[in-house]
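To keep things clear, I will list the structure first and then write my remarks on it.
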Ligand code: OGA
Ligand code: NI
């Protein structure tokens, strides 16, 4: 899907793009500038159908082997779709609330304070920005975000926002817990592929955890703009915590968007591109996007887990044979960053497509 405004972008205020600090969403403009308007064929539907989303109860993972196998089977079915919600995941409501309130606290700071962390360099370990690449990409997205590395926590936490004063502690506590959960899930996932639960644990233990803390302010005309364009995550897996609904996933069979239903206390799990590669396409990275509303700010906190910066993720040899030839090239998180800085994601360019040997 190619989004483009062509070459005739106007240069009056209503149709130009703005740099971070001056974006429409940060200024709370009462209209949506032309540079945010997506082509009508991709219009968000403000009354979308509810997505069919499997709910996986993780409590059985830590119990006897019969219960564990049942959960592994549920995870396997869910990974074929690429998206599921998890309950009884072990992360307390107060930890999740703490992470959300630190995010709200940060985005509520005056713009100059947030601008201290402003950068459009996708290789920066801590940065504040808007849209995807504000002012560069063809279409702007109604999003403000903070991205920061979170593992090893001691290496990065001192570069995180110093305000609000509780940010580091509350967000840090959530990050460590959600990372443990991600490692446990990754073990269950490789087990579900018949590779054993320790298959990727050494490399995942050394791997990256990138937090994408997203804020979608109320949008005066939510049916013409998007918070995030359709994309899949580069990660092995992403665990998302959201303050309210707004995440949509694509039902590939029906070619329809569906909104992820509210399920109090649940977390969302996305299969990422690197897991699609590992599984030789048995598991699919889910295409998703964020829609907007005109009433309230929505926050989402995505924890993206992958191998190390330069560690290549390749297809498991155990899943390759004559009937199932290798379908993907190997790649690293660093390769994804280079792709991101060179490509217009909002214009429909997908990292996974660059990895496919067999389309
Ligand atoms: C992301 C993402 C979804 C959301 O940060 O990659 O897909 O609901 N976020 O904000
Ligand atoms: Ni995403």
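Laboratory data are not the source of any read-out in this text; all were calculated from the coordinates shown. Just so you know, these numbers come straight off a predicted model, no measurement behind them. All Cβ positions, glycine included, derive from the backbone under ideal geometry; neighbour counts span all protein chains shown.
Out of everything in the stretch 206-227 that is under 25 Å from residue 174 (Cα atoms) and in a loop (DSSP other than H, G, I, E, B), what residue ends up being nearest to ligand 1 (Cβ to nearest atom)? Among residues in the stretch 206-227 that are under 25 Å from residue 174 (Cα atoms) and in a loop (DSSP other than H, G, I, E, B), the one nearest to ligand 1 (Cβ to nearest atom) is 227.
Looking at residue 196, is it part of a helix (DSSP H, G or I) and either buried (at least 23 other Cβ atoms within 10 Å of the Cβ) or more than 14 Å from ligand 1 (Cβ to nearest atom) (or both)? Spelling it out, it is not the case that residue 196 is part of a helix (DSSP H, G or I) and either buried (at least 23 other Cβ atoms within 10 Å of the Cβ) or more than 14 Å from ligand 1 (Cβ to nearest atom) (or both).
Condition first: more than 27 Å from residue 129 (Cα to Cα) and either in contact (Cβ under 8 Å) with a residue 24 or more places away in the chain or surrounded by fewer than 21 Cβ atoms within 10 Å (Cβ to Cβ) (or both). Can you find one or more residues in the stretch 224-232 that meet it? No, because not a single residue in the stretch 224-232 is more than 27 Å from residue 129 (Cα to Cα) and either in contact (Cβ under 8 Å) with a residue 24 or more places away in the chain or surrounded by fewer than 21 Cβ atoms within 10 Å (Cβ to Cβ) (or both).
In the stretch 191-213, the residues that are free of Cβ contacts under 8 Å to residues at least 24 places away in the same chain form Cβ pairs under 6 Å with partners that are crowded, with 16+ Cβ neighbours inside 10 Å, at six or more places apart or across chains, as follows: 197/187; 197/191.
Can you tell me which residues in the stretch 292-323 are under 17 Å from residue 234 (Cα atoms) and within 14 Å of ligand 1 (Cβ to nearest atom)? The answer is 301, 302, 303, 304, 305, 306. Only a single item in (1) in contact (Cβ under 8 Å) with a residue 60 or more places away in the chain; (2) more than 30 Å from residue 229 (Cα to Cα) is not met by residue 67, and it is number (1).
Is one or more of the residues making up the stretch 176-193 within 20 Å of the chain's Cα centre (by Cα), buried (at least 20 other Cβ atoms within 10 Å of the Cβ) and under 24 Å from residue 132 (Cα atoms)? Within the stretch 176-193 (the criterion being within 20 Å of the chain's Cα centre (by Cα), buried (at least 20 other Cβ atoms within 10 Å of the Cβ) and under 24 Å from residue 132 (Cα atoms)), the answer is no, since none of the residues qualifies.
Only a single item in (1) outside any loop (DSSP other than H, G, I, E, B); (2) out of contact with any helix residue (DSSP H, G or I) (no Cβ under 7 Å at 6 or more places or on another chain) is not met by residue 262, and it is number (1). Taken over the stretch 265-291, the criterion of being more than 12 Å from ligand 1 (Cβ to nearest atom) and in a helix (DSSP H, G or I) is satisfied by 274, 275, 276, 277, 278. Annotation: residue 163 fulfils all but one of (1) under 23 Å from the mean Cα position of the chain (by Cα); (2) farther than 19 Å from residue 280 by Cβ; the unmet one is (1). In the stretch 228-253, of all residues being farther than 15 Å from residue 293 by Cα and assigned to a loop (DSSP other than H, G, I, E, B), the one that is nearest to the chain's Cα centre (by Cα) corresponds to 233. Comparison of 72, 38 shows that the only residue that is within 25 Å of the chain's Cα centre (by Cα), under 19 Å from residue 193 (Cβ atoms) and surrounded by 13 or more Cβ atoms within 10 Å (Cβ to Cβ) is 72.
Does the stretch 29-55 hold any residues that are touching a helix residue (DSSP H, G or I) at 6+ places or on another chain (Cβ under 8 Å) and free of Cβ contacts under 8 Å to residues at least 60 places away in the same chain, and which are they? Within the stretch 29-55, 54 is the sole residue that qualifies.
Note on the stretch 270-320: among residues that are more than 12 Å from ligand 2 (Cβ to nearest atom) and under 12 Å from residue 79 (Cα atoms), the one that is surrounded by the most Cβ atoms within 10 Å (Cβ to Cβ) is 275. Residues in the stretch 33-64 that are in a helix (DSSP H, G or I) and closer than 30 Å to residue 225 by Cα: 34, 35, 36, 40, 41, 42.
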